[in-house]
2 protein chains.
Amino acid sequence: MFFIIGIGLGDPKDITVKGLEIVKRCDRVYLEAYTSILSCGQESLEDFYGRKLILADREMIEQHTDEIFVDAEVKDVAVLVVGDPFGATTHTDLMLRAKEREIPCQVVHNASIMNAVACCGLQLYSFGETISIPYWTETWKPDSFFGKILKNRHMGLHTLCLLDIRVREPTLESLTRKTRQYEPPRFMSVAEASQQLMEIIKNTPGELSGDSLAIGLARVGHDSQKIIACSLKEMTEVDLGAPLHSLVIPAKELHPLEVEFIQQFSSRKL
Amino acid sequence: MFFIIGIGLGDPKDITVKGLEIVKRCDRVYLEAYTSILSCGQESLEDFYGRKLILADREMIEQHTDEIFVDAEVKDVAVLVVGDPFGATTHTDLMLRAKEREIPCQVVHNASIMNAVACCGLQLYSFGETISIPYWTETWKPDSFFGKILKNRHMGLHTLCLLDIRVREPTLESLTRKTRQYEPPRFMSVAEASQQLMEIIKNTPGELSGDSLAIGLARVGHDSQKIIACSLKEMTEVDLGAPLHSLVIPAKELHPLEVEFIQQFSSRKL
């Protein structure tokens with residue numbers, strides 16, 4: 001049997017009881033470690049689960065899938081993913097590859113930023129399309145996500161912005177070499193995301209401005225969770241500390257209950 | 001300390017390890033039982049947790065909040081909710097009421113249909129606003145949700161339709177009496193929801209028709225989970241069995257990976 005198990009928001013104890021039982025009895029357990037950053041570290045997971053985990057990087061998940069599926073018809077094999085199993089296309093694809101091989105699959109769901117984001121006080125059903133903000137480079141500054149934020153806002157919907165993370169990205173120089181070298185892992189902060197948004201706004205002034213409300217979230221679900229509500233311009237200088245960060249651009253009109261809840265994260269009267 | 005703990009999709013073992021530890025050590029634990037239907041029953045939860053739960057119905061949650069908060073400054077009190085704590089306005093409100101009383105709060109996240117719906121193969125970030133389809137009566141047939149489905153579709157987004165549940169609804173006759181009587185609990189099936197949608201379409205023909213693709217989901221995350229993909233018209237006759245049901249109206253254009261995944265739930269070539 002092949003299992004994909006969501007381990008939730010990152011604390012070892014965020015796994016469900018069902019998930020933990022499966023992890024303990026599996027023959028092999030992989031930890032998918034490139035679509036998200038595991039804030040607690042592999043070791044603390046291994047300590048808590050009482051077993052070894054096999055780190056599955058991008059190459060293994062995308063190119064050496066066969067290795068993961070070895071004997072999965074007769075043995076129990078699990079892949080652990082941060083958040084929920086269906087949070088990233090990668091995992092949906094992994095399930096399809098298992099089905100092709102006629103390996104029975106089971107999914108264990110968990111919380112992900114896609115539903116936990118509602119802890120900022122915005123109603124989850126009023127979120128529109130989720131967008132991703134990628135790191136810009138000197139020569140590559142895509143901004144198509146900005147139009148989606150505006151569309152959501154136009155429909156009275158909030159936008160969750162997932163911020164770029166770079167784990168095991170090959171360096172440009174090493175791409176042509178046999179031995180890959182990797183850039184140090186990095187993650188986009190709410191300040192960096194807001195700076196990129198401010199740069200887009202500078203060139204396309206309109207409904208969204210530096211004075212618009214933004215909500216920054218860090219380490220959602222952890223004891224050190226931080227949420228701040230301020231203007232987008234102010235957010236460019238906010239330091240929310242360690243990863244992962246997410247940014248929310250709320251709709252223009254908020255429900256009174258939303259305002260009351262968000263007020264606790266703002267130093268100013270909303 | 002006041003805890004709101006998501007118990008996930010309904011199986012007793014869907015609670016997280018963190019949540020279970022808190023449940024075991026709390027002085028009082030309430031089970032919120034009106035914004036969702038607990039498919040496994042209170043008793044099997046009590047058996048698994050090894051403790052008694054206090055059933056908190058609508059009246060207690062909305063009108064007798066004081067009772068829940070008694071001694072919560074010095075004792076540990078938890079409210080368990082199906083799904084994630086921020087899935088319903090009710091729970092957000094409960095947190096605000098706790099903060100008013102200066103009672104420290106902690107939230108334990110979990111999966112909810114709002115993120116687990118992606119198990120049908122549609123990418124979660126491509127969902128638009130979530131809508132609720134209420135039970136119609138002879139005299140009350142609201143259809144404002146229909147416009148939102150069309151708007152989502154127009155933007156290339158999927159729509160998750162949450163289907164009505166009625167738990168401890170006072171009967172009309174008893175509303176004027178001292179002693180309330182309650183209607184038997186009921187839940188809307190994907191067939192009933194599709195029938196109501198077909199009736200709206202009959203009066204407002206347009207982009208959505210009986211031939212449009214619909215996806216019906218039942219008991220997501222359970223061993224008995226069922227998913228079916230067919231036309232909306234066909235869905236009016238589909239029986240997916242026991243609750244809870246959800247209906248998804250996909251965007252017109254699907255990603256090839258979405259099509260490949262949904263194909264397994266359809267008897268016809270998509």
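Please treat every number below as a calculation from the coordinates, not as lab data. Keep in mind that what you see is a predicted model, and the values were worked out from it rather than measured. Neighbour counts run over all protein chains shown; Cβ positions are idealised from the backbone, glycine included.
In deg cm²/dmol, rounded to 500, what helix-only [θ] at 222 nm does chain A give when every DSSP H run of at least 4 residues adds -39500 (n - 2.57) and the total is split over its residues?
It comes out at -8000 deg cm²/dmol, rounded to the nearest 500.
Can you compute the FRET efficiency between A:LEU257 and A:HIS154 using 1/(1 + (r/R0)^6), with r the Cβ-Cβ distance and R0 = 25 Å? Round to the nearest 0.05.
0.65
How would you order A:107-113, B:216-222 from highest to lowest mean count of nearby Cβ atoms within 10 Å?
Most protected by this proxy first, the peptides run A:107-113, B:216-222.
About the Cα centre, and with charges only on the beta carbon of Lys, Arg (+1) and Asp, Glu (-1), how big is the dipole of region A:114-265? Nearest 20 debye, please. The partial results should precede the final answer.
Values: 15 positive and 18 negative charges, 118 e Å.
Here region A:114-265 has a charge dipole of around 560 debye.
Would you mind classifying the protein assembly as shown by shape? Square roots of the alpha carbon gyration tensor eigenvalues, ordered a ≥ b ≥ c; an a/c under 1.5 is rounded, otherwise it is prolate if a/b is larger than b/c and oblate if not.
It is rounded, given that a/c, with a ≥ b ≥ c, falls under 1.5.
In Å and whole numbers, how far do the C-alpha atoms of region B:114-265 stretch along each principal axis, longest first?
Reported extents, whole Å, longest axis first: 58, 39, 27.
Quick check: from the Cα gyration tensor, does region B:168-247 come out rounded (a/c under 1.5), prolate or oblate?
It is oblate, given that a/c is not under 1.5 and a/b is not larger than b/c.
At A:GLU100 and A:HIS64, where each label point lies 7 Å from the Cα along Cα→Cβ, what is the point-to-point distance in nanometres?
So the two model labels end up 1.8 nm from each other.
Compare the Cα positions of A:PRO170, A:MET155, A:MET235 along the charge dipole of region A:136-265 (+1 at Cβ of Lys, Arg; -1 at Cβ of Asp, Glu; about the Cα centre) and return the one farthest towards the positive end.
A:PRO170
I'd like to know which of B:TYR125, B:LEU208, B:GLN225 lies farthest towards the positive end of the charge dipole of chain B, counting +1 on Cβ of Lys and Arg and -1 on Cβ of Asp and Glu.
Positive-end residue among those listed: B:LEU208.
Measuring label to label, 7 Å along Cα→Cβ, what does B:LYS24 give against each other copy in nm, shortest first?
So the distances to the same position in the other copies read 1.1 nm.
Rounded to the nearest 5, what is the percent of antiparallel bridges among the DSSP beta bridges in the protein assembly as shown?
Bridges in the protein assembly as shown are about 50 percent antiparallel.
Taking the label point 7 Å from Cα in the Cβ direction, how far apart in nm is A:ARG168 from each other copy of itself, listed shortest first?
Result, one decimal in nm: 5.0.
In region B:113-179, what chymotrypsin sites (Phe, Trp or Tyr not before Pro) fall in a loop by DSSP, with at most 12 other Cβ atoms inside 10 Å?
Here the sparse-neighbourhood loop sites are B:TRP140.
Averaged over peptide B:120-127, how many Cβ atoms belonging to another chain are found within 10 Å of each residue's Cβ?
The per-residue average across the peptide is 5.
In region B:6-53, if every C-alpha pair distance is counted and binned at 5 Å from zero, what percent goes to each bin?
Each 5 Å bin holds this share of Cα pairs: 5, 22, 36, 28, 10, 0.
What residue in chain B has the Cβ closest to the axis turning B into A, and how close is it in whole Å?
B:ASN115, 2
For region A:11-62, which trypsin sites (Lys or Arg not before Pro) are both in a DSSP coil and crowded by at most 10 other Cβ atoms within 10 Å?
Those satisfying the criteria are A:LYS52.
Report, in debye and to the nearest 20, how large the dipole of chain A comes out about its Cα centre when Lys and Arg carry +1 and Asp and Glu carry -1 on their Cβ. Walk me through the numbers on the way to the answer.
On the way: 29 positive and 38 negative charges, 43 e Å.
Computed charge dipole of chain A: roughly 200 debye.
What net charge do the residues around B:LEU213 carry, taking every other residue with its C-beta under 15 Å from that of B:LEU213, with Lys and Arg at +1 and Asp and Glu at -1? Working shown, then result.
Working: positive: B:ARG153, B:LYS233, B:LYS252, B:ARG268, B:LYS269; negative: B:GLU207, B:ASP211, B:GLU234, B:GLU253, B:GLU258, B:GLU260.
The answer is -1.
Which of the GluC sites (Glu not before Pro) found in region B:1-44 are in a DSSP loop and have at most 10 neighbouring Cβ atoms, other than their own, within 10 Å?
none
Could you give the dipole magnitude of region B:2-111 about its Cα centre, charging the beta-carbon of Lys and Arg +1 and that of Asp and Glu -1, in debye to the nearest 20?
Approximately 300 debye in magnitude.
Spin-label point model (7 Å from Cα, Cβ direction): what's the A:ARG51 to B:GLU46 distance in nm?
Each label point is offset 7 Å from its Cα along the Cβ direction, giving 3.4 nm.
Measuring nothing but label to label, 7 Å from Cα along Cα→Cβ, what are A:GLN225's distances to the other copies in nm, shortest first?
2.4
How big is chain A on each of its three principal axes, counting only the C-alpha atoms and giving the largest first in Å?
59, 46, 32
Where a ≥ b ≥ c are the square roots of the eigenvalues of the C-alpha gyration tensor, would you call region B:105-167 rounded, which needs a/c under 1.5, or, failing that, prolate if a/b is larger than b/c, or oblate?
Oblate shape, in that a/c is at least 1.5 and b/c is the bigger or equal ratio.
For labels at B:THR90 and A:ASP27 in the simple 7 Å Cα→Cβ model, what's the distance in nm?
4.6 nm
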